[in-house]
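The values are calculated or read from the model by the stated rules, or taken from the named source; none is laboratory data. These numbers come from a predicted model, not from an experiment. All Cβ positions, even for glycine, are placed from backbone atoms using ideal geometry, and neighbour counts span all protein chains on display.
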2 protein chains.
Amino acid sequence: MINRLCIIGVGLIGGSLARALRAVGYCGEVIGAGRNPAHLRQAVELGVIDRFETDPGQAVAGADVVLVAVPLGAMEGVFRAIRGHLAGDAVLTDAGSAKGSVIEAARRAFGRVPDYFVPGHPIAGTENSGVAASVPDLYKNRRVILTPLEHTDPAAASRVRGMWEAAGAHVSEMEPAHHDAVLAATSHLPHVLAFTLVDSLARLGDREEIFTYAAGGFRDFTRIASSDPVMWRDICLANDDAIRRMIERFIDDLKEVGKAVQEHDGHRLLEIFTSAKQARDRFIGHD
Amino acid sequence: MINRLCIIGVGLIGGSLARALRAVGYCGEVIGAGRNPAHLRQAVELGVIDRFETDPGQAVAGADVVLVAVPLGAMEGVFRAIRGHLAGDAVLTDAGSAKGSVIEAARRAFGRVPDYFVPGHPIAGTENSGVAASVPDLYKNRRVILTPLEHTDPAAASRVRGMWEAAGAHVSEMEPAHHDAVLAATSHLPHVLAFTLVDSLARLGDREEIFTYAAGGFRDFTRIASSDPVMWRDICLANDDAIRRMIERFIDDLKEVGKAVQEHDGHRLLEIFTSAKQARDRFIGHD
């Protein structure tokens with residue numbers, strides 16, 4: 001149970017957690033914080049938070065759990081703003097999609113990574129953003145990865161785990177660098193590919209016609225290109241090494257496919273396409 | 001109205017057309033043809049076709065409209081098998097995803113492209129295949145592109161247009177080469193990217209873990225990688241020039257994104273991601 005939950009950044013991710021915990025009666029008061037009072041007022045009207053502060057330092061006062069759910073580029077500033085204002089027994093966690101950079105931001109802001117800070121990443125979300133898109137079941141049966149450090153207080157980690165489990169998620173732990181490599185492959189690279197493809201097509205001369213004939217598969221394939229550009233810029237900057245490696249690997253693999261097309265190597269194309277279909281049907285399911 | 005419709009290749013595409021036309025009473029008898037009697041028997045049991053022949057030449061006898069809906073690599077063989085067996089007033093069309101290669105196949109099989117042949121492409125389909133996946137509303141409000149040649153009989157083109165309109169589709173006409181370039185951009189390249197990505201990840205050492213943490217966006221993004229590998233091998237071989245050009249263009253664009261990541265050029269990344277989001281939201285809709 002959480003008496004007072006403070007959510008800094010009340011958007012899709014933070015708002016959905018508040019809704020989920022309220023729905024199961026897991027938390028008492030919910031305080032929101034952020035830069036935009038209009039968004040925060042909307043969050044109060046929607047019943048997502050009880051009240052808000054625009055100063056993060058004031059918002060965290062008396063909270064037993066603090067979730068920072070802002071774009072990765074804003075993490076360090078938030079950490080600096082709340083330093084010295086957290087309650088003695090407070091647990092701090094975040095929802096950033098890359099962990100190495102958040103840990104570095106905490107190190108810079110606090111001098112060392114606090115024992116009560118449990119880096120976390122809920123693998124959920126849609127291409128929509130903002131508190132209006134928040135829903136109580138966003139985390140139901142979804143995965144949350146925590147990346148505690150060696151000196152992280154086990155009681156703090158267990159408290160954060162309990163919170164996400166109360167929201168319906170399956171929680172596991174990983175090394176931060178491993179998390180960042182796995183997410184670069186499964187999330188960051190696909191988003192980069194979708195953004196690049198849509199931008200590439202949009203710059204073709206006959207783009208109106210191009211998009212007119214884009215069918216169902218294209219709609220699914222490019223849905224993630226409707227995601228928040230600022231959030232994804234920040235992810236690319238925060239997880240740059242792992243993403244760069246995945247892009248280079250993908251370019252090599254795509255060159256091989258291009259070569260097989262050019263050389264009319266039907267055998268090689270069939271091999272690649274069959275391997276992909278089998279992997280997807282096996283691991284993701286045929287939907 | 002069609003008295004006798006012959007569908008060669010009774011899968012998702014051919015089966016769904018038969019279902020659609022039957023549903024609105026647009027055709028009398030439907031004859032199926034294909035290589036696999038078990039699939040054809042299933043099509044009869046499902047009520048998609050009335051009867052079948054495994055010899056395409058026998059199947060087309062007496063049909064007033066013949067649709068060839070087989071993988072692109074099988075088109076020429078089918079054309080050769082039906083040559084000399086078509087009724088005097090028969091109209092021939094196809095459902096291939098690339099048009100230049102089908103027109104060449106017809107030229108080789110018939111000596112010249114017949115006046116009564118109307119190359120066509122319904123832009124519909126899912127990652128599922130086979131007659132069991134066929135549905136009567138697959139073409140409802142979807143686009144069908146016809147690519148008639150200069151000497152194509154206008155009455156034949158109008159007959160094929162009427163058939164697709166009866167199935168609920170919006171029909172337009174294009175030059176074959178233009179069709180192939182547009183589809184390379186909107187359909188063929190995205191499928192190549194999805195297949196390549198899933199195959200690339202499947203070859204990573206920790207693939208079980210990789211796919212465990214693949215979230216909703218990944219599922220949407222890679223859905224088309226569950227498509228039929230043989231069909232897509234054939235498309236890549238049939239539309240090789242346009243696809244190769246799109247792959248090369250995409251690699252150049254992706255290299256630029258990779259460079260921006262490496263150089264921490266947040267301004268450039270934001271520019272590309274914003275352009276993509278705006279184009280998708282504008283042309284495809286925010287769904």
- Residue set B:His286, B:His264; condition touching a helix residue (DSSP H, G or I) at 6+ places or on another chain (Cβ under 8 Å), within 7 Å of chain A (Cβ to nearest Cβ), modelled with pLDDT of 90 or more and not in a helix (DSSP H, G or I); output residue B:His264
- Note on the structure: Of (1) part of a loop (DSSP other than H, G, I, E, B); (2) farther than 25 Å from B:Ile247 by Cα; (3) charged (D, E, K, R), B:Arg159 satisfies every one except (1)
- From the options A:Ala61, A:Ala33, A:Ala95, A:Ala20, residue that is touching a Gly at 6+ places or on another chain (Cβ under 7 Å), among the small types (Gly, Ala, Ser) and over 25 Å from B:His267 (Cα atoms): A:Ala20
- Message: Here is a check on your reading of the model: is A:Arg245 basic (Lys, Arg) and more than 7 Å from chain B (Cβ to nearest Cβ)?
- Response: yes
- Counting only residues that are in contact (Cβ under 8 Å) with a residue 12 or more places away in the chain and surrounded by fewer than 23 Cβ atoms within 10 Å (Cβ to Cβ), the stretch B:158-168 contains a total of 4
- Restricting the search to the stretch A:93-112, which residues are surrounded by fewer than 20 Cβ atoms within 10 Å (Cβ to Cβ) and part of a loop (DSSP other than H, G, I, E, B)? A:Gly111, A:Arg112
- Task: Could you check, for the stretch A:227-238, whether at least one of its residues is buried (at least 24 other Cβ atoms within 10 Å of the Cβ), without any contact (Cβ under 8 Å) to a residue 60 or more places away in the chain and either within 30 Å of the chain's Cα centre (by Cα) or more than 25 Å from A:Val144 (Cα to Cα) (or both)?
- Result: yes
- Out of curiosity, is B:Gly73 on the phi < 0 side of the Ramachandran plot, of a type in the set (Gly, Ala, Ser) and modelled with pLDDT under 95? yes
